[in-house]
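Student: Below you will find the structure I want to go over with you.
The values are calculated or read from the model by the stated rules, or taken from the named source; none is laboratory data. Keep in mind the model is a prediction, meaning the values are calculated, not measured. For neighbour counting, all protein chains shown are included, and Cβ atoms are generated from backbone atoms with ideal geometry for every residue, glycine included.
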Amino acid sequence: MLKKIVIYFVSTLIFLLNTQLSTGSATTNITPVDLYNKEVVSVLFLTTQDSTGSGVIVKDDGTFVTCFHVIANADYIIAKSEDGAMYFVNGFRYINPLDDIAVLTLDTTRKFKPITLNSAKMQIGEKIYAISNPQGLQFVFSDGMINQFNKDYIQFSAPISAGSSGGALLNKDGKLLGVITSQLNPSESQNINFALPNEYYRAKINNKKIINVDRLDWTEFLVANADVDQFKIYTDYALNDYNFAMFYKYLKPFSVRYDIPDDFYAELGFFAFCAYLSDADETYLEDAIKYFRISYEKKQHEETALFGLALLAGMSKDPANRSVDYVVLLRKKYPKSFHKLMDIGEQAAKCKENDEDCFNALGLNMFNALLELVPDSN
């Protein structure tokens, strides 16, 4: 009888232990619903004067990480949390256009729940979740898996769209794997999306705050607090990103504050020309001519400078810019570029006054012809 009691007691104990272990195990598996409700408070909806995007809070003071391209052309940045509270972005801890990373700060004394950065090894096929703001929709949740990864990027399948950049890519435990950055052209591919791993910004979130105490326009503030080394960073980013007109906003103030390397004036002239094509501001045209002329006079990238002057000097309202026949000089020294210029001239002669398509095509041809000659653009 005693033996039966002991056996019964042991079997019951084992059953209870197994039940307890099973129950305990179940409680550690966070459901997608719980994960979203727990982590969405660490995601921000970002608004600038002409775009929206996403950000992820990484410190309890509201320091957050996003993609540089989300805020690159901003006059101001407003961050909205999931509870509807709104804050101005008042500074930064780290800016790197080439890596597409910005670690920014909020104008508030509120304490936030920061997201936890993942440190465990990732695996292909691992379940992941994304929280972001696609197409202006706010705090959208999607899921997928890791398709591949390396030290430079994480490729994943959770659906995203424009506006998701800067959003959170989370593992099944709600830890941040990386910040959503881009997708391949959705008209040509499906769910081939990318995030920047935590290593891009992990060591930067405790950098000293640079605060916009004078409440400058955001772009003006970034330029005012950038050093001469970042001049080259912004330039390289502009060349890589092909957004030359926008980045002239950054480069022009640099040209006033610092001595420009002699071999850079041709590039700066090209950027100013792109800004002119974009905004038709005569100031940009005069800037482009000025920089090309300096480049020519300093005998730096002479072909580029001469081509730019031959192309643009005739558009200038300043007679001094037309006092030198740059077309003749171009023909004498660089006949191949001279013939390119003649082809553009023939196209211009065919454009009727109100034919916008013709003028747009002309502007594109001018852009491409100059781009081929710009140093470091190929």
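Student: H301 passes all but one of (1) surrounded by 12 or more Cβ atoms within 10 Å (Cβ to Cβ); (2) at negative phi; which number fails?
Tutor: (2)
Student: On to the next question. Kindly check whether there is at least one residue in the range 310-329 that is at positive phi, surrounded by fewer than 16 Cβ atoms within 10 Å (Cβ to Cβ) and not aromatic (F, W, Y).
Tutor: no
Student: Hey, could you check the range 104-135 for residues that are among the aliphatic types (A, V, I, L, M) and under 27 Å from T48 (Cα atoms) and say which is surrounded by the fewest Cβ atoms within 10 Å (Cβ to Cβ)?
Tutor: Among those residues, the one meeting the criterion is L117.
Student: Moving to a separate point now. In the range 302-344, what count of residues is obtained for those that are in contact (Cβ under 8 Å) with a residue 12 or more places away in the chain and over 22 Å from L277 (Cα atoms)?
Tutor: 6
Student: Test of understanding: among K204, K175, K151, which residue is more than 19 Å from D241 (Cα to Cα) and surrounded by fewer than 15 Cβ atoms within 10 Å (Cβ to Cβ)?
Tutor: Among K204, K175, K151, only K151 is more than 19 Å from D241 (Cα to Cα) and surrounded by fewer than 15 Cβ atoms within 10 Å (Cβ to Cβ).
Student: Among the residues of the range 195-208, is there at least one that is at pLDDT 95 or above and among the hydroxyl-bearing types (S, T, Y)?
Tutor: yes
Residue by residue, here is whether (1) among the hydroxyl-bearing types (S, T, Y); (2) part of a helix (DSSP H, G or I); (3) modelled with pLDDT of 75 or more holds:
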residue: F231; (1), (2), (3): no, yes, no
residue: T235; (1), (2), (3): yes, yes, no
residue: Y250; (1), (2), (3): yes, yes, yes
residue: S255; (1), (2), (3): yes, yes, yes
residue: A266; (1), (2), (3): no, yes, yes
residue: A272; (1), (2), (3): no, yes, yes
residue: T283; (1), (2), (3): yes, yes, yes
residue: I289; (1), (2), (3): no, yes, yes
residue: F292; (1), (2), (3): no, yes, yes
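Student: How many residues does the range 94-121 contain that are on the phi < 0 side of the Ramachandran plot and within 16 Å of the chain's Cα centre (by Cα)?
Tutor: Count: 10.
Student: Something else now. Report the residue count in the range 240-250 for those that are more than 13 Å from the chain's Cα centre (by Cα) and in contact (Cβ under 8 Å) with a residue 60 or more places away in the chain.
Tutor: Count: 1.
Student: Among the residues of the range 41-75 satisfying the criterion of being surrounded by 23 or more Cβ atoms within 10 Å (Cβ to Cβ) and in a loop (DSSP other than H, G, I, E, B), which is nearest to the chain's Cα centre (by Cα)?
Tutor: C67
Student: Does any residue of the range 218-234 turn out to be within 29 Å of A280 (Cβ to Cβ), surrounded by 19 or more Cβ atoms within 10 Å (Cβ to Cβ), of a type in the set (S, T, Y) and under 16 Å from the mean Cα position of the chain (by Cα)?
Tutor: Among the residues of the range 218-234, at least one is within 29 Å of A280 (Cβ to Cβ), surrounded by 19 or more Cβ atoms within 10 Å (Cβ to Cβ), of a type in the set (S, T, Y) and under 16 Å from the mean Cα position of the chain (by Cα), which makes the answer yes.
Student: Please go through (1) crowded, with 16+ Cβ neighbours inside 10 Å; (2) at pLDDT below 95 for K80 and return the number of the only condition it doesn't satisfy.
Tutor: Evaluating K80 over (1) crowded, with 16+ Cβ neighbours inside 10 Å; (2) at pLDDT below 95 leaves (2) as the failure.
Student: Tally time: how many residues in the range 100-123 are part of a strand (DSSP E or B) and not aliphatic (A, V, I, L, M)?
Tutor: Number satisfying all stated conditions: 1.
Student: Can you name the number of the only condition in (1) free of Cβ contacts under 8 Å to residues at least 12 places away in the same chain; (2) among the aliphatic types (A, V, I, L, M); (3) over 30 Å from L117 (Cα atoms) that A203 fails?
Tutor: Against the list (1) free of Cβ contacts under 8 Å to residues at least 12 places away in the same chain; (2) among the aliphatic types (A, V, I, L, M); (3) over 30 Å from L117 (Cα atoms), A203 comes up short only on (3).
Student: Quickly run through the range 330-343 and pick out the residues that are closer than 17 Å to F367 by Cβ and either outside the structural domain of D262 (by TED's automatic domain parsing) or surrounded by 15 or more Cβ atoms within 10 Å (Cβ to Cβ) (or both).
Tutor: Once the filter is applied, which keeps residues that are closer than 17 Å to F367 by Cβ and either outside the structural domain of D262 (by TED's automatic domain parsing) or surrounded by 15 or more Cβ atoms within 10 Å (Cβ to Cβ) (or both), the range 330-343 yields S337, K340, L341.
Student: Continuing with the same structure: Return the residue satisfying two criteria in turn: it lies in the range 237-248 and is within 24 Å of V65 (Cβ to Cβ) and buried (at least 20 other Cβ atoms within 10 Å of the Cβ), and of such residues it is modelled with the lowest pLDDT.
Tutor: Out of the qualifying residues, it is A238.
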